[in-house]
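Worksheet for the structure shown next.
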Amino acid sequence: MRIDQVQNNEYGTFYAPYLAQIDPQYPLLEELEIALHRFIHFVREIPMDKFDFRYAEGKWTIKDIIQHIIDAERVFAYRAMRIARNDQTALPGFDEDFYVTNANANSRSIQDLLTEFSMVRHATIYLFKSFSPDSLERIGIASDNPISVRALGFIIIGHQNHHQTVFQQRYL
């Protein structure tokens, strides 16, 4: 399954910019794997003195953003699992600022963050491998919007790509 198979009614409009960043060449599982390696390689090329840098007061550091990507992936994967298992419960949103404030990312090493990112991504890949074609098309409600399991998989990638672009434009 590729991004061009995901319909507009399978996600809230907030996610459209993330999904627009997905390369239609690769199916979801391949792109999850490719994006993992691309991101780790990218982060390893960032100069060490940039990881704690904030481009403006109140903005997150690169370490904060990496932790945010990890936390968001966990939330998106959890939503995907609940919807794939046909749980009809509407799922709440989450306050990303609250998560970052309480994550303590800046006290961690970049290697520790990248290891956690890799482990979470591998868990996500195995979760999505377990979904049947029918379950990938299931739609539930999260953050007061319809969302499909397959859209959530692509949102994970698009969200990561979005933040990598932010790194390039505002931090480096």
Check: C-alpha center the stretch 39-110 vs C-alpha center the stretch 132-172, spacing in Å is 13
The chain: longest segment with zero exposed GluC sites (Glu not before Pro), where exposed means DSSP loop plus at most 12 other C-beta atoms within 10 Å, is residues 58-172
Under the 7 Å Cα-to-Cβ spin-label approximation, Ile46 and Ser132 lie apart by a distance in nanometres of 4.1
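Could you tell me the relative contact order of the chain? Use alpha-carbon pairs under 8 Å, at least six residues apart, and round to a whole percent. If you can, show how the numbers build up before the last one.
Details: 200 pairs, mean separation 68.2, N = 172.
Computed over the chain, the figure is 40 percent.
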Checked the stretch 119-172 against the a/c 1.5 cut and the a/b vs b/c comparison, axes a ≥ b ≥ c from its Cα gyration tensor; verdict oblate
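Using every Cα-Cα pair within the chain, state what percent have a distance larger than 23 Å. List each step's numbers first, then the result.
Numbers: 5660 of 14706 pairs.
Counting pairs separated by more than 23 Å, the tail of P(r) holds 38 percent.
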Computed ³J(HN,Hα) along the stretch 165-172: with the Karplus parameters 6.51/-1.76/1.60, θ = phi - 60°, integer Hz and x for glycine or proline, the list is 5, 4, 4, 4, 7, 10, 10, 10
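How large is the charge dipole for the stretch 13-172, taken about the Cα centre, if only the Cβ atoms of Lys, Arg (+1) and Asp, Glu (-1) carry charge, to the nearest 20 debye?
Numbers: 16 positive and 20 negative charges, 27 e Å.
With only Lys, Arg, Asp and Glu charged at Cβ, the dipole is about 120 debye.
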In deg cm²/dmol, rounded to the nearest 500, the helical mean residue ellipticity at 222 nm of the chain, built from -39500 (n - 2.57) for every DSSP H run of length 4 or more, is -17500 deg cm²/dmol
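Coordinate-derived values only; no laboratory data. Just so we're clear, the structure is a prediction, and the values are computed from it rather than from any experiment. Methodologically, a virtual Cβ is constructed for each residue, glycine included, from the backbone with ideal geometry; neighbour enumeration extends over all protein chains shown.
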